[in-house]
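Peer 1: There's a structure below that I have some questions on.
The values are calculated or read from the model by the stated rules, or taken from the named source; none is laboratory data. Predicted model only: the values in this text are computed from it and were never measured. Cβ atoms come from the backbone with ideal geometry, glycine included; neighbour counts cover every protein chain shown. Only protein heavy atoms, including side chains, enter the accessible area calculation; ligands, DNA and RNA are left aside. Shrake-Rupley method; radii C 1.70, N 1.55, O 1.52, S 1.80 Å.
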Amino acid sequence: MSAFQTLIFEKEDNIAYITLNRPEVLNVYNIKMRDELYQILGAIKDDSEVRVAILKGAGEKAFCAGADLSEFLTAPSPTIARQVRWERDVWGLFLSLPQPVIAALHGYVLGDGIEMALCCDLRVASHDAQFGVPEVGLGIIPAAGATQTLPRTVGRSKALEMLLTGRWVDAEEAYKVGLVNWVVPRDELLPTANEIAKKIVSYDQLAVRSAKQAVMRGLDLSLSEGLELEKRLASSLQRSKSNP
């Protein structure tokens, strides 16, 4: 177990576990959590033993209820803010991980919470999960990717509905619109995430990483370019098996 202040980091059987650990304030994302998350994600990216990561929240009420606006809305000068963002691009690091990342979501999944979940590859939600992007109602807009990742996940119309009206969706609706992959009872949330992770761990890891890379990179390409990328990755994978 790690000694971070806002997170718990553990590894077991090729699976990394990241737990948002501020349950007394609904795991609200603050500057300290940003800095510690950046450290942990960097460590996971460089750790060849980690094949899958699971992101979860401590406590009974929330995965993450958003950002600590008292910290993020009292930012330093624009110059310093830009430098910090460049040095600690948590969201870019999230999306660049070669390993699959599974989000185990319960309770409130709001603001930065839903943005973290959208940076993950697979999402498991408990029946009590509630999802929302309330930023516009606070006079701001999402700043951790939701205006881009949400429509890519649920489509433009549903994303705009959530962003512009601030309406929350429950776990069942989140499943119907593709925001989450599975909905399970609360006591089955982590066991289900673990079962999925162990299945992925059991597969050829180069094949797993290549499949993820093909999808993630291909989304920004035309269909013909994406097919060419798939062909290159498949050929590279085949060569690696022929020349172990």
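Peer 1: Just checking, how many residues over the range 92-141 are open to solvent by less than 10 Å² (accessible area, probe 1.4 Å), assigned to a loop (DSSP other than H, G, I, E, B) and farther than 22 Å from N194 by Cα?
Peer 2: 2
Peer 1: Turning to a different aspect of this structure: What about G66, is it modelled with pLDDT under 95 and open to solvent by less than 30 Å² (accessible area, probe 1.4 Å)? Spell out how you get there, then give the answer.
Peer 2: Values: modelled with pLDDT under 95: yes; open to solvent by less than 30 Å² (accessible area, probe 1.4 Å): yes.
Judged against the criteria, G66 is a match.
Peer 1: Give the residues of the range 6-21 that are outside any strand (DSSP E or B), open to solvent by 40 Å² or more (accessible area, probe 1.4 Å) and free of Cβ contacts under 8 Å to residues at least 40 places away in the same chain, sorted by residue number.
Peer 2: Matches in the range 6-21: N21 only.
Peer 1: Let me ask you something else. From L150, L164, which residue is within 23 Å of L122 (Cβ to Cβ), touching a residue at least 24 places away in the same chain (Cβ under 8 Å) and part of a helix (DSSP H, G or I)?
Peer 2: Going through L150, L164 in turn, just one is within 23 Å of L122 (Cβ to Cβ), touching a residue at least 24 places away in the same chain (Cβ under 8 Å) and part of a helix (DSSP H, G or I): L150.
Peer 1: Does K158 count as basic (K, R), open to solvent by less than 40 Å² (accessible area, probe 1.4 Å) and under 26 Å from I140 (Cβ atoms)?
Peer 2: Yes, satisfied.
Peer 1: Conditions first: (1) open to solvent by 70 Å² or more (accessible area, probe 1.4 Å); (2) over 19 Å from I54 (Cβ atoms); (3) more than 15 Å from the chain's Cα centre (by Cα); (4) not charged (D, E, K, R). V177 passes all but one, so which condition is the exception?
Peer 2: For V177, the exception is condition (1).
Peer 1: Any residue in the range 30-57 that's β-branched (V, I, T): show its pairings with residues that are open to solvent by 10 Å² or more (accessible area, probe 1.4 Å) and not in a loop (DSSP other than H, G, I, E, B) at Cβ separation under 7 Å, as long as the two are six or more apart or on different chains.
Peer 2: Here the result reads I31/E71; I40/F9; V50/K11; V52/I200; V52/V201; I54/Y17, each pair linking the range 30-57 to a residue that is open to solvent by 10 Å² or more (accessible area, probe 1.4 Å) and not in a loop (DSSP other than H, G, I, E, B).
Peer 1: Same structure again: Being hydrophobic (A, V, I, L, M, F, W, C) and in contact with a Pro (Cβ under 8 Å, 6 or more places away or on another chain) is the filter; apply it to the range 36-70 and report the residue that is farthest from I140 (Cα to Cα). Please lay out each step first, then the result.
Peer 2: If we filter the range 36-70 for residues that are hydrophobic (A, V, I, L, M, F, W, C), which is where we start, we get 37, 40-41, 43-44, 50, 52-55, 58, 62-65, 67, 69.
Pick out the ones that are also in contact with a Pro (Cβ under 8 Å, 6 or more places away or on another chain) and you get 52-53, 58, 62.
On the way: V52: 34, A53: 31, A58: 27, A62: 22 Å.
Per the stated criteria, the residue is V52.
Peer 1: In addition: Residue check: is A146 open to solvent by less than 40 Å² (accessible area, probe 1.4 Å), closer than 15 Å to A103 by Cβ and at pLDDT 95 or above?
Peer 2: In short, no.
Peer 1: Now a separate question. Among the residues that make up the range 30-50, is at least one of them on the phi > 0 side of the Ramachandran plot and open to solvent by 40 Å² or more (accessible area, probe 1.4 Å)?
Peer 2: Among the residues of the range 30-50, not one is on the phi > 0 side of the Ramachandran plot and open to solvent by 40 Å² or more (accessible area, probe 1.4 Å), which makes the answer no.
Peer 1: Let me ask something else. Looking at (1) of a type in the set (K, R); (2) modelled with pLDDT of 95 or more; (3) open to solvent by 60 Å² or more (accessible area, probe 1.4 Å), can you tell me which one K56 breaks?
Peer 2: Every listed condition holds for K56 apart from (3).
Peer 1: Consider only pairs whose beta carbons are under 8 Å apart and that are at least six residues apart or on different chains; among these, list those whose first residue lies in the range 222-233 and is at negative phi and whose second residue is part of a helix (DSSP H, G or I) and hydrophobic (A, V, I, L, M, F, W, C).
Peer 2: These pairs meet every condition: G226/A214; L229/A214; E230/A214; L233/A214.
Peer 1: Filter the range 205-244 down to the residues that are within 26 Å of R152 (Cα to Cα) and either at pLDDT below 90 or among the β-branched types (V, I, T) (or both) and list them by number.
Peer 2: Scanning the range 205-244 gives V208, V215, L219, D220.
Peer 1: Moving on. Return yes or no: is I31 closer than 15 Å to A103 by Cα and over 14 Å from the mean Cα position of the chain (by Cα)?
Peer 2: No, not satisfied.
Peer 1: Condition first: part of a helix (DSSP H, G or I), open to solvent by 90 Å² or more (accessible area, probe 1.4 Å) and free of Cβ contacts under 8 Å to residues at least 24 places away in the same chain. Now tell me which residues in the range 189-214 satisfy that.
Peer 2: Our first condition is that a residue be part of a helix (DSSP H, G or I); within the range 189-214, this holds for 189-201, 205-214.
With open to solvent by 90 Å² or more (accessible area, probe 1.4 Å) added as a condition, the list becomes 195, 198-199.
Within the range 189-214, E195, K199 qualify.
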